[in-house]
1. Which entries of Lys74/Lys180; Lys74/Lys245; Lys180/Lys239; Lys79/Lys239 show an alpha-carbon separation above 31 angstrom in the structure shown?
2. Return the percentage of antiparallel bridges among DSSP beta bridges fully within the stretch 4-271, rounded to the nearest 5 %.
3. Starting from the eigenvalues of the Cα gyration tensor, five times each then square-rooted, give me the equivalent ellipsoid semi-axes of the stretch 4-271, largest first, whole Å.
4. As I understand it, the dipole of the stretch 133-272 uses +1 on the Cβ of Lys and Arg and -1 on the Cβ of Asp and Glu, about the Cα centre. Which of Gln259, Pro181, Ala222 lies farthest toward its positive end?
5. 5 Å is the cut-off here: which amide hydrogens, built 1.01 Å from N in the peptide plane, fall below it relative to Asn159, excluding neighbours closer than 5 in sequence?
6. Give me a comma-separated list of calculated 3J(HN,Hα) values for the stretch 139-144, in order, Karplus coefficients 6.51, -1.76, 1.60 applied at θ = phi - 60°, integers in Hz, x for any Gly or Pro.
7. Would you please give the FRET efficiency between Arg112 and Arg271, computed as 1/(1 + (r/R0)^6) with r the Cβ-Cβ distance and R0 = 22 Å, to the nearest 0.05?
8. Could you work out how far the C-alpha centroid of the stretch 93-125 sits from that of the stretch 1-28, in angstrom?
Amino acid sequence: MPGTILFGIDVESPDENAAGFIRHGVPLFEDLGVPVTWYVTGATLAAHPDAFREVEAHPLIDLQAHTYDHVIMKAIWMKIPEGKTIHGATDYFFQDCVTPAELDADLERCQRTFQDILGRPARGLTGPWGYYRGLGDRPDLLDLVYRHGFRFLRTFARNETDGQPVPLEWQPFTYAAQGKPDVTELMVHDYQDDFYWEAFNDPVPGVTYADHMMRMVDRVAAEDLVWSTCSHDHGAATKEGFDRKGTWYRAFIEYAREQGVRFLTGSAFHRG
Ligand SMILES: [Zn+2]
């Protein structure tokens, strides 16, 4: 069996990076012919309404949410691997989160923005920064996102050290145990992007992130796994900046298609 890839990209920069990602990303994915999901912050959607309305009409691109203001839903307390400096820390790194009331107000604004600009609410939500165990240990937050209409999530995006990688052994699941069988957790596996792979690994001469991604494809295909993978619009304002990511997007996507791996949007995977 060939396996499944859910490629989701956080389009989260209200500045020219999101505009550049649209300008350079749409033709790339059109050329590759694979479906992808873009998780867009409400602030980014509001900054480029006409451009996103055009993306919305695109059959290969599924637009979903990444909160309004990139608010962190669950605190992150990362144990930094020996000898590494990550987010400026060498032992522990802490990133606080918003209160449930603040999250409630943010998601209200996010859904209103989706409704105003795209004429529909979002059904998928990526939690900024990502968290160990997703919302599995926070039924209060699960209720909250459910009330705002979200039915598929990418909130499980860190391992037990609050770092990376997230092993493929954790496959997507539903929150049935928490009383929400109709909510799917897609996960974000492995590394959230090239920058985290670099931060958590020692460089090996001649080995690129594209090589790493192709080895992931091998395993996904051999074991028929679902791989939810992620990237960001960072640095995409210029073609040169976009191509730093676009080059490895093309490499692993073309390789995966040769292996017979299928690509699905978050919405299509959730629908089953
Ligand atoms: Zn983000």
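The values are calculated or read from the model by the stated rules, or taken from the named source; none is laboratory data. Just so you know, these numbers come straight off a predicted model, no measurement behind them. As a convention, Cβ positions derive from the backbone with ideal geometry for all residues, glycine included, and neighbour counts pool all protein chains shown. What goes into the accessible areas is simple: the full protein's heavy atoms, side chains included, and nothing from ligands, DNA or RNA. Shrake-Rupley method; radii C 1.70, N 1.55, O 1.52, S 1.80 Å.
1. Details: Lys74/Lys180 19 Å; Lys74/Lys245 28 Å; Lys180/Lys239 42 Å; Lys79/Lys239 36 Å.
Violating the 31 Å Cα-Cα cut-off are Lys180/Lys239; Lys79/Lys239.
2. Working: 9 of 35 bridges.
Given both bridge residues lie in the stretch 4-271, the antiparallel proportion sits at roughly 25 percent.
3. Working: eigenvalues 126, 108, 73 Å².
Those come to 25, 23, 19 Å.
4. About the Cα centre, the residue reaching furthest to the positive side is Pro181.
5. Close amide H contacts, sequence-distant or interchain: Gln164.
6. Along the stretch 139-144, the couplings run x, 5, 6, 4, 4, 5 Hz.
7. Values: r = 25 Å, r/R0 = 1.12.
My answer for the efficiency is 0.35.
8. So the separation of the two Cα centres works out to 20 Å.
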